[in-house]
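For reference, the structure discussed in these notes is given below.
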């Protein structure tokens, strides 16, 4: 939206990548952060990679029966729980057992600004975490091709864009390439060192809150974790 508002024209995904880099790289570097923009035609295949863990989080992701779903989830190691969160855990009878300092816990609340928190809930014990064989998924799933209906609409749009009054020939070519897909493509995802190199997470232990927007509901569904037998 920043690029569009400032009137930077683009026809193709590659044009947009260039525009984003030109507009945003400096701003990101000023913060001391890295900035990467890539056109992705695939994603890492997380489902089979996570399957050996055998845990399903549920119950809290859909609003129903006039009770809203929580909107703010914080996942942290057991050792990083704040004093307040440790007290809540103790009040629940030590739910999840004494555990390991590196167990993953979830603390959540109805809204980001809510002061009433729920949990901590044990969502990933260390023993189940260690069932995965690699630090990140090593297989890639390519983007699904458009349906026949979508393909027809995209091809018709490509014809329209080629008309003299639009003169967007490069955009038309990009749409036809999108419809054609990537048969036999071997796609290499951009490097993700924060996944593949096991970079240590930043520790957060501060407990802050806000009384803003007190008129919004403070009730939400509880998050549940089901541990499947292996």
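Here, each number is a calculation from the coordinates, and none is a lab measurement. None of these values were measured; they are calculated from a predicted model. Positions of Cβ are generated from backbone atoms using ideal geometry, with glycine treated the same way; all protein chains shown enter the neighbour counts.
A compact table of results
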| read-out | value |
| --- | --- |
| Residue 147-residue 14 pseudo-label distance in nm [points 7 Å out on the Cα-to-Cβ vector] | 3.1 |
| Efficiency of FRET between residue 157 and residue 48 - r from beta-carbon atoms, R0 45 angstrom, step 0.05 | 0.80 |
| Calculated FRET value between residue 113 and residue 66, using beta carbons and R₀ = 22 Å, to 0.05 | 0.60 |
| Label-point gap, in nm, between residue 102 and residue 30 - each point 7 angstrom along Cα→Cβ | 4.0 |
